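The values are calculated or read from the model by the stated rules, or taken from the named source; none is laboratory data. What you see is a predicted model, and the numbers here were worked out from it, not measured in a lab. Counting neighbours? That spans all protein chains shown, and the Cβs are built from the backbone with ideal geometry, glycine included.
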Amino acid sequence: DKAIAGYRATYDAAPELVAYAPGRVNLIGEHTDYNGGFVLPCAIPYGTAIAMGRSNAPEISAVALDLGNAKDRFAIGGDAITPLDLGEWENHLRGIVAGSLAFDLPVHGANMAVTGNVPQGAGLSSSASLGIAMALGLSALNGQDDPDRTKLARIAQWAEHEFVGCSCGLMDQLASAYGEADHALLIDCGKIENKAVPMPDGARILIVHSGVKRGLVDSAYNERRMQCEAAARHYGVTELRDLDETRLNLDRNGLDETAFRRARHVVTENARTLEMAAALAIGDYAAIGNMMQASHQSMRDDFEITLPEIDRLVENITSSIDGEGGARMTGGGFGGCV
Ligand code: GLA
């Protein structure tokens, strides 16, 4: 409703469609996606809605309804689209348009009004939800109502890499594109295959915001990714997904301590993610709790992406759950939600 009203107020016409995509919460499998590993996110009932209509001019006009009706306008055309120096939401939109063209999807001139309720900097993928909504809407304006959702996810990831500056994996975009109600999504990020895992009857997911907003962490994120790639080179594997715990320990000579711990997080987290998906399918809350606890400790000690406030919150929640489930930080880290 807000997207439609904002569109009418801005462009003095009715939109042709409203594109919507959700944010996600990751249950387990952190920083494994760009290592070809496993993740287990689920879509959440918070997302981004974009009212859209075609225009005659070969350009995109957009209004950000949650940002004081800030506007952006740019011509459509491969090299003509550039990121703005201090741009944020603008660069997500620009990146999706440039990415669509880079992936050979034609883009029609359009007006759009954007609104969303995924909290930003909370580790709940507000940007993937914006990117997927935008990519879905653009392809619908082109007459594609049932697009290849993996391709849309790749376009949104391309936009993050090229226009936003974060070398993210593909989890958030796939979770937003494929998430289903009452299911988590087990994604094999090496094969790019996903499988919906039903949530057990009566299970509840509680997302608690630590109150610590993630700052400018793209640099720390990109650094972790480089450390993982360095470890993969040391072990002679294409991706850390191809490493098991035996070889991890046996062949560690010559690898520096930090890179070793980063690799250990990824290798053990992959195993935990598969175990957690199996535990979820049969509603084994004790196993779920153990996996979540081990995952949090590994993020804290080996991958070093948690904060003391987050650790405390996880400890408090874990002790109050008393074995009936588990708690861990979710998302890229350095703040956000548990
Ligand atoms: C961010 C990235 C994802 C993933 C997570 C950590 O959300 O966008 O690709 O790497 O961090 O699991």
* Does Glu304 satisfy the criteria of being within 16 Å of the ligand (Cβ to nearest atom), in a loop (DSSP other than H, G, I, E, B) and surrounded by fewer than 20 Cβ atoms within 10 Å (Cβ to Cβ)? -> yes
* Structure fact -> Selection from the range 307-338 of residues within 16 Å of the ligand (Cβ to nearest atom) and at positive phi yields Gly331, Gly333, Phe334, Gly335, Gly336
* Asked: Only one of these conditions is not met by Ala135: (1) within 30 Å of Ala70 (Cβ to Cβ); (2) within 13 Å of the ligand (Cβ to nearest atom). Which number is it?
  -> (2)
* Structure fact -> A careful count of residues in the range 46-65 that are surrounded by fewer than 21 Cβ atoms within 10 Å (Cβ to Cβ), in a strand (DSSP E or B) and touching a Gly at 6+ places or on another chain (Cβ under 7 Å) gives 3
* Checklist (1) within 16 Å of the ligand (Cβ to nearest atom); (2) modelled with pLDDT under 95; (3) in a helix (DSSP H, G or I) applied to Ala277, failing item -> (2)
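For (1) surrounded by fewer than 16 Cβ atoms within 10 Å (Cβ to Cβ); (2) among the acidic types (Asp, Glu); (3) in contact with a strand residue (DSSP E or B) (Cβ under 7 Å, 6 or more places away or on another chain); (4) within 28 Å of Arg149 (Cα to Cα), each residue gets a yes or a no:
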| residue | (1), (2), (3), (4) |
| --- | --- |
| Lys213 | yes, no, no, no |
| Asp256 | yes, yes, no, no |
| Ala278 | yes, no, no, yes |
| Gly283 | yes, no, no, no |
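Could you list all residues from the range 308-338 that are assigned to a loop (DSSP other than H, G, I, E, B) and closer than 24 Å to Gln173 by Cβ? Spell out how you get there, then give the answer.
Let us first name the residues in the range 308-338 that are assigned to a loop (DSSP other than H, G, I, E, B), namely 322-336, 338.
Hits for the range 308-338 are Arg328, Met329, Thr330, Gly331, Gly332, Gly333, Phe334, Gly335, Gly336, Val338.
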* If a residue has to be under 29 Å from Ile81 (Cβ atoms), within 14 Å of the ligand (Cβ to nearest atom) and not in a loop (DSSP other than H, G, I, E, B) to count, how many in the range 173-196 make the cut? -> 5
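This table checks each residue for (1) charged (D, E, K, R); (2) modelled with pLDDT under 95.
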site: Ile4; (1), (2): no, no
site: Tyr20; (1), (2): no, no
site: Asn26; (1), (2): no, no
site: Tyr34; (1), (2): no, no
site: Ala49; (1), (2): no, no
site: Lys71; (1), (2): yes, no
site: Gly77; (1), (2): no, yes
site: His92; (1), (2): no, no
site: Asn111; (1), (2): no, no
* Asked: What number goes with the only condition from (1) over 21 Å from the mean Cα position of the chain (by Cα); (2) among the aliphatic types (A, V, I, L, M); (3) buried (at least 21 other Cβ atoms within 10 Å of the Cβ); (4) assigned to a loop (DSSP other than H, G, I, E, B) that Ile28 does not pass?
  -> (1)
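In the list Thr318, Thr246, which residue meets the criterion of being of a type in the set (Ser, Thr, Tyr), surrounded by fewer than 17 Cβ atoms within 10 Å (Cβ to Cβ) and more than 19 Å from the chain's Cα centre (by Cα)?
Values: Thr318 fails: surrounded by fewer than 17 Cβ atoms within 10 Å (Cβ to Cβ).
Result of the check over Thr318, Thr246: Thr246.
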* Does any residue in the range 143-172 that is free of Cβ contacts under 8 Å to residues at least 12 places away in the same chain and within 14 Å of the ligand (Cβ to nearest atom) come within less than 7 Å, Cβ to Cβ, of a residue that is outside any helix (DSSP H, G or I) and among the polar types (S, T, N, Q) six or more places away or on a different chain, and which pairs are these? -> His161/Ser167
* To do: Please name all residue pairs, on different chains or six or more residues apart, with Cβ atoms under 7 Å, provided the first residue is in the range 23-39 and is farther than 13 Å from Thr273 by Cβ and near the ligand (Cβ under 9 Å from one of its atoms) and the second residue is aliphatic (A, V, I, L, M) and part of a strand (DSSP E or B).
  => Arg24/Ala43; Arg24/Ile44
* What is the number of the single condition among (1) of a type in the set (Gly, Ala, Ser); (2) closer than 24 Å to Thr268 by Cβ; (3) within 16 Å of the ligand (Cβ to nearest atom); (4) loosely packed, with under 13 Cβ neighbours inside 10 Å that Gly236 does not meet? -> (3)
* Asked: Is there any pair with a first residue in the range 86-100 that is free of Cβ contacts under 8 Å to residues at least 40 places away in the same chain and on the phi < 0 side of the Ramachandran plot and a second that is surrounded by fewer than 24 Cβ atoms within 10 Å (Cβ to Cβ) and in a loop (DSSP other than H, G, I, E, B) whose Cβ atoms are under 6 Å apart and which are 6 or more apart or on different chains, and what are they?
  -> Glu90/Leu84
